[in-house]
Amino acid sequence: MTDTSDMAIDRTEAEPAAAVSRVLDSDADKMRRELQSVIASPDFARAPIMKRLLSFLVGETAAGRGDQLKAYSVAVDGLGRAPDYDARADSYPRVQVGRLRRMLDSYYNVTPPVDGLRLTIPSGRYRVALQPANTVAEAGAPADISIPMLPGSPLTFGWHVALLLMLVLLIAAVLFRMVPMRTTTPDAAQERPVLEFASADVARESQLGNVVRAALLNGLSRSGVYDLRSQRRSGIRDPHVAPPRYRLSTDMIGGANPRLFLRLSRVSPDQLLWSGDISLPSESQIDGVELDRRLAPVIASIGRVNGLVATHELQESNGLEARGYSCFLLYHRYRKDRTDSERDHVRACVEASLKRHPEDPGLQAAAAQLAIERTVASDIDPRDRAEQLQAARRHAQIATAIAPQDPWALAARARIAVIRKACPQAVGFAMRASEVQPYDPALLADIGVYLLDCGDPRAEEMIRRAIALDDNPEGRFYAPLLLLAISRDDKAMAHEALAHMAPPVIGRHSRFYLISAAGYAMLGDYGRARAAWIQLKANSPLVANDPEAYLEQLGYAADLRGRAMAHLRKARLAGF
């Protein structure tokens, strides 16, 4: 892994193995397990503000900052109020925390806690505490296994396998609060589906199996395409929780050459959607970088916005009556293909969905990106451009106010900051997005371009990780790498990118042929540059007539546009 996660790897030092037992049984871990159970309940799923507030308070308390919580930080960081919030004149956080206490009491009246200890917020405080529950869980019925959160940096595991588990939990404690808050719409037909994770008992009983299972759960839990739930060992389902629509089953064979087997199925009716297996390092050889390298492509394939679950969901609805959750998926399919025939339908879908679900951060982020597209259209009036940019900023700000760590909302904020030439802000938003969701190649490629526009050297790391996570034969994410090569005048990188790029099956033909022509022109291969230009003129004559305007429409920085145009003119393509 080469993104910001890698920078933390070298800084991770081995801890004494004796600390393992202290970490595994800490109150912080019990709080996190209990939090996952609480926020998965229907009442909290329908109350995104309460869900977000409780997650923030638990995250801060688990990180050891509970006693430092003040009304201002709860209002701004926990509830999304503006930075100019005046805690002396507004009792909003106290009112909302009071409401949260009542919701917790109501929840525990009918639901026993996972470890026999419930979450509580002492009167007059903001930190969360654990206290014995008034109700006792049914004897012999194992509780749900907690879903630990993947740290923003992949783990560097020590030489002893026990240390692996300790580091997973330690680093998860630090970055727990970075997990994006999900909102599920009350419209049952459009709810985000539940993906149930089911691992075989043999894997649970193995130390290596536990580490692999924790890493899978950590990565899969970051997706906004589904709600992840771990299967109860007892097989007894909570009648108050929606049944799973998908199930990921895993099994592991140990020994000198361990392998992990995975099966993704549709539930009711049962239908196998995908199966695969992964060769794992042995317990004596495993480390964080290697484990991430082997598991990340599977995590990406299942959970990305154009992945297996998302594709199957769109196939079932055919994208026709999309609204809410399905509209979110439809938008990302359009963003991948950029087909003109789908653009107006997607815009109408997002607008209609936001009227019904204004608290959905994914839809707000989509509306922001669609508004940005309109700002860079070549035929737009300057006054309309200003209005669209303002609309984009408003949608992006609403998205991050609802869910401060939603990766697509952060990416929208980054792109707007690039347009405003506020690169420090753009880089900050972009890096936060990559830390929250390091398993979606489309997001990482976008972030790489934003960093490229701001001259940040980490652009290559993001783009190369997107390439590593992609399983598309078109080499979709080599185009950003070619842009990076053009910006750096790096001919070796340009050769690499052009060797892997292939014309897209649908959509994006204009960008592919234009960038390819510029890349070949930079290399002095004018024959291939002219061939790409001929294809561009045949597919998109308007783009060929004004390529610079089209590059600006795509949102590329002025320096990059200038270099690309210089190469095209040198090859006597543009302007001749």
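The values are calculated or read from the model by the stated rules, or taken from the named source; none is laboratory data. From a predicted model like this one, the values you see are computed outputs, not experimental measurements. Reconstructed Cβ throughout: ideal geometry from the backbone, glycine too, with neighbour counts over all protein chains shown.
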*asked:* Looking at segment 504-517, can you tell me whether even one residue there is in a loop (DSSP other than H, G, I, E, B) and either under 24 Å from Pro457 (Cβ atoms) or of a type in the set (S, T, N, Q) (or both)?
replied: no
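Test Asp270 against the stated conditions and say whether it is in contact with a Lys or Arg (Cβ under 8 Å, 6 or more places away or on another chain), under 21 Å from Gln231 (Cα atoms), free of Cβ contacts under 8 Å to residues at least 40 places away in the same chain and of a type in the set (D, E, K, R).
Spelling it out, it is not the case that Asp270 is in contact with a Lys or Arg (Cβ under 8 Å, 6 or more places away or on another chain), under 21 Å from Gln231 (Cα atoms), free of Cβ contacts under 8 Å to residues at least 40 places away in the same chain and of a type in the set (D, E, K, R).
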_Residue within segment 405-418 that is out of contact with any Pro (no Cβ under 9 Å at 6 or more places or on another chain) and surrounded by fewer than 22 Cβ atoms within 10 Å (Cβ to Cβ) present_ = no
_Regarding segment 330-353, can at least one residue be identified that is among the small types (Gly, Ala, Ser), part of a helix (DSSP H, G or I), more than 30 Å from Gln207 (Cβ to Cβ) and under 15 Å from the mean Cα position of the chain (by Cα)?_
no
*Kindly provide the set of residues from segment 74-120 that are assigned to a loop (DSSP other than H, G, I, E, B) and among the small types (Gly, Ala, Ser), ordered by number.*
Gly80, Ala82, Ala87, Ala89, Ser91, Gly116
*Enumeration of residues in segment 280-317 that are among the hydrophobic types (A, V, I, L, M, F, W, C) and more than 20 Å from Arg259 (Cβ to Cβ)*: Val305, Leu308, Val309, Ala310, Leu314
*For segment 560-567, indicate whether the set of residues that are of a type in the set (A, V, I, L, M, F, W, C) and farther than 28 Å from Ile372 by Cα is non-empty.*
no
*Boolean, Leu54 is modelled with pLDDT of 80 or more, farther than 20 Å from Leu117 by Cβ and not polar (S, T, N, Q)*: no
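For Tyr520, indicate whether it is farther than 16 Å from Lys570 by Cα, crowded, with 20+ Cβ neighbours inside 10 Å and modelled with pLDDT of 85 or more.
Considered against the rule, which asks whether it is farther than 16 Å from Lys570 by Cα, crowded, with 20+ Cβ neighbours inside 10 Å and modelled with pLDDT of 85 or more, Tyr520 comes out as no.
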_Cβ-Cβ under 6 Å pairs, at least 6 apart or on other chains, segment 106-128 side at positive phi, far side among the small types (Gly, Ala, Ser)_ = Gly116/Ala133
*Could you say which residue among Arg46, Arg94 is free of Cβ contacts under 8 Å to residues at least 60 places away in the same chain, surrounded by fewer than 20 Cβ atoms within 10 Å (Cβ to Cβ) and either of a type in the set (A, V, I, L, M) or in the same structural domain as Glu196 (by TED's automatic domain parsing) (or both)?*
Arg94
*Counting only residues that are under 20 Å from Gly80 (Cα atoms), give me the helices (runs of 4 or more DSSP H) lying completely in segment 377-477 with at least 1 of them.*
382-402, 407-419, 423-436
*From the residues in segment 523-556 that are surrounded by fewer than 21 Cβ atoms within 10 Å (Cβ to Cβ) and aliphatic (A, V, I, L, M), which one is farthest from Glu373 (Cα to Cα)?*
Leu523
_Qualifying positions in segment 63-86 - within 28 Å of the chain's Cα centre (by Cα), more than 16 Å from Met31 (Cβ to Cβ) and of a type in the set (Lys, Arg)_ = Arg81
*asked:* Just the residues that are among the aliphatic types (A, V, I, L, M) and either part of a helix (DSSP H, G or I) or in contact with a helix residue (DSSP H, G or I) (Cβ under 6 Å, 6 or more places away or on another chain) (or both), please, taken from segment 24-50.
replied: Leu24, Ala28, Met31, Leu35, Val38, Ile39, Ala45, Ile49, Met50
_Qualifying residues in segment 430-476 (those that are without any contact (Cβ under 8 Å) to a residue 24 or more places away in the chain and closer than 20 Å to Phe512 by Cβ) - the one surrounded by the most Cβ atoms within 10 Å (Cβ to Cβ)_ = Ile463
